[in-house]
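Below: the structure, in structure tokens.
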Amino acid sequence: TIHWFNQLIGLDEEAFVAATKASFKLGIEFVDWARPGTRYFHPFGRYGVDLGPVPFHQHWLRAKGDGLDRPLSTYSLAAQLAAAGRFAKPVDDPRSILSTLGYAYHFDAGLYARHLRQLAEKRGVVRHEGMLRDIERDPETGFVTALTSDRGERLEGDLFIDCSGFRALLIGETMGAQFEDWSHWLPCDRAVAVPCARIAATTPFTRSTLRPAGWQWRIPLQHRTGNGYVYASSFVSDDEAVATLLSNLDGEALADPRMLRFTAGFRREAWRGNVVAIGLSSGFLEPLESTSIHLIQSGIAKLITLFPDADCDPALARQFNTLFARDMDGIRDFLILHYHATQGHDAPLWQHTRHMTPPPTLVDKMAQYTRAGRLMLSADELFREASWLAVLEGQGVGALGHAPLADTLDAATNRRQLNQIETVIARATPTLPLHDAAIAALVAPQVAAR
């Protein structure tokens with residue numbers, strides 16, 4: 001989504017990476033999640049190549065049944081580049097192995113927000129600063145008609161976007177849209193974050209490491225490394241969480257730890273009346289798969305598509321809410337899979353998540369994959385086949401067999417094709433740029449222009 005959003009507002013990649021101290025992100029490495037001492041990689045992009053009507057992973061499952069002993073990550077160029085500290089952008093030519101790549105960014109969110117504000121104000125957006133004091137509503141429709149700040153400014157409007165964060169001052173406190181609590185599935189409710197000095201080459205991936213009461217993120221930027229511990233306060237104290245984070249940093253801490261509190265869940269009516277909630281006011285899911293900014297930008301995309309006139313047709317709100325709920329339900333299931341499919345962890349949090357009953361939609365997905373490697377995804381789900389494959393296989397929810405369609409494959413031909421893909425990836429990986437070199441080459445014109 002961020003590629004689309006930056007293109008929409010005219011922010012080219014060179015300027016974006018330079019302004020936000022960004023690095024490239026080929027995926028996420030998960031350490032100790034399946035069981036202690038293990039790690040796997042969730043790559044962006046695709047596994048393998050298009051080999052016709054049989055999905056690539058079914059080729060791999062059929063070959064496994066015929067005796068192949070190669071992990072799925074062997075057939076991901078993104079995974080191999082990440083392991084080698086290298087990076088390349090995808091190309092459009094389907095004959096190139098580079099066409100299988102996908103990527104996102106690590107970036108400083110504060111710098112991104114500052115840059116977006118500057119762009120907006122240059123284009124005529126007027127910023128009014130102040131604390132919200134009064135909210136006026138139409139007595140007949142219930143629509144919000146005006147806001148008054150503590151500075152006495154009165155701002156009238158036909159449509160109001162609630163970006164007031166967890167307080168949800170308009171959508172929740174004023175319009176009464178209810179919050180659906182998912183903490184029984186996603187019990188982490190706090191996070192502590194701290195940046196540290198960068199002491200090594202910039203890795204082209206995020207790392208998520210399981211901890212006794214949650215998990216720790218590591219996000220490499222050009223100028224520093226971001227770190228955080230997402231944890232369940234029912235299972236560890238704030239002081240213990242801070243100590244755990246500070247004892248697991250790459251380099252010297254660059255600031256005091258910053259504490260955050262949250263509840264997993266969302267509002268199924270993110271649009272009610274003439275108020276549309278975007279961001280934290282609409283709901284929150286922990287950053288295990290880096291979905292928060294995606295949800296903000298996809299919410300903006302939905303609003304642009306469904307933008308109303310002054311009467312705010314309720315049908316538009318219903319469509320917006322339906323689409324938003326599909327996004328949130330799908331991401332919820334994907335996150336719960338990480339927590340549920342773990343083994344060998346004795347800490348109370350992980351015993352709880354291991355034995356909890358997941359949502360029926362996730363139970364069905366796991367059952368279908370286990371039975372015959374089927375990925376039962378709808379067309380509009382954020383996380384596609386490669387993502388589900390990476391986490392299902394990475395966390396030990398392996399397929400017991402393959403789909404009947406894979407029985408049409410000739411075993412020798414199938415093995416030969418897989419060997420060829422592995423060889424192409426192995427040959428390509430060392431020829432592609434180191435990650436830091438790729439960043440430096442991209443931002444060089446920006447640096448020279450300063």
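Quick look at the values:
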{"item": "Residue check for P433: farther than 26 Å from T322 by Cβ, loosely packed, with under 12 Cβ neighbours inside 10 Å and not β-branched (V, I, T)", "result": "no"}
{"item": "Selection status of A34, touching a strand residue (DSSP E or B) at 6+ places or on another chain (Cβ under 8 Å), surrounded by 22 or more Cβ atoms within 10 Å (Cβ to Cβ) and in a loop (DSSP other than H, G, I, E, B)", "result": "yes"}
{"item": "Qualifying residue in the stretch 173-181 (condition: outside any loop (DSSP other than H, G, I, E, B), buried (at least 21 other Cβ atoms within 10 Å of the Cβ), within 29 Å of the chain's Cα centre (by Cα) and small (G, A, S))", "result": "no"}
{"item": "Conditions (1) under 22 Å from the mean Cα position of the chain (by Cα); (2) under 15 Å from W60 (Cα atoms); (3) surrounded by 17 or more Cβ atoms within 10 Å (Cβ to Cβ): number failed by L362", "result": "(2)"}
{"item": "Test: residue in the stretch 96-107 that is more than 30 Å from L170 (Cβ to Cβ), assigned to a strand (DSSP E or B) and of a type in the set (A, V, I, L, M)", "result": "yes"}
{"item": "Checking K89 against (1) basic (K, R); (2) in contact (Cβ under 8 Å) with a residue 40 or more places away in the chain; (3) within 21 Å of Q222 (Cβ to Cβ), the condition it does not meet", "result": "(2)"}
{"item": "Residue within the stretch 321-328 that is among the basic types (K, R) and surrounded by fewer than 18 Cβ atoms within 10 Å (Cβ to Cβ) present", "result": "yes"}
{"item": "Residue match in the stretch 82-91 (condition: within 15 Å of D407 (Cβ to Cβ) and part of a loop (DSSP other than H, G, I, E, B))", "result": "no"}
{"item": "Failed condition for R62, given (1) touching a Leu at 6+ places or on another chain (Cβ under 6 Å); (2) closer than 22 Å to R427 by Cβ; (3) surrounded by 15 or more Cβ atoms within 10 Å (Cβ to Cβ)", "result": "(2)"}
{"item": "Count of residues meeting criterion [in contact (Cβ under 8 Å) with a residue 12 or more places away in the chain, of a type in the set (S, T, N, Q) and not in a loop (DSSP other than H, G, I, E, B)] in the stretch 117-156", "result": "3"}
{"item": "Long-range neighbours under 8 Å by Cβ, at least six apart or interchain, first residue within 18 Å of L432 (Cα to Cα) and without any contact (Cβ under 8 Å) to a residue 60 or more places away in the chain within the stretch 94-109, second surrounded by fewer than 16 Cβ atoms within 10 Å (Cβ to Cβ) and not charged (D, E, K, R)", "result": "S99/V91"}
{"item": "Selected residue (only one of P348, P314 is modelled with pLDDT of 95 or more, surrounded by fewer than 18 Cβ atoms within 10 Å (Cβ to Cβ) and within 30 Å of S233 (Cβ to Cβ))", "result": "P348"}
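This table checks each residue for (1) over 18 Å from L68 (Cβ atoms); (2) touching a residue at least 40 places away in the same chain (Cβ under 8 Å); (3) of a type in the set (K, R); (4) outside any helix (DSSP H, G or I).
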{"site": "V391", "(1), (2), (3), (4)": "yes, yes, no, no"}
{"site": "V397", "(1), (2), (3), (4)": "yes, yes, no, yes"}
{"site": "A412", "(1), (2), (3), (4)": "no, no, no, no"}
{"site": "R415", "(1), (2), (3), (4)": "no, yes, yes, no"}
{"site": "Q420", "(1), (2), (3), (4)": "no, no, no, no"}
{"site": "V424", "(1), (2), (3), (4)": "no, yes, no, no"}
{"site": "T429", "(1), (2), (3), (4)": "yes, yes, no, no"}
{"site": "I439", "(1), (2), (3), (4)": "yes, yes, no, no"}
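Let's see how each residue does on (1) crowded, with 20+ Cβ neighbours inside 10 Å; (2) more than 24 Å from the chain's Cα centre (by Cα); (3) of a type outside the set (A, V, I, L, M):
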{"site": "S96", "(1), (2), (3)": "no, yes, yes"}
{"site": "L147", "(1), (2), (3)": "yes, yes, no"}
{"site": "D150", "(1), (2), (3)": "no, yes, yes"}
{"site": "D162", "(1), (2), (3)": "yes, no, yes"}
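The values are calculated or read from the model by the stated rules, or taken from the named source; none is laboratory data. Quantities reported herein were computed from a predicted structural model and do not represent experimental measurements. Positions of Cβ are backbone-derived with ideal geometry, glycine not excepted, and every protein chain shown enters the neighbour counts.
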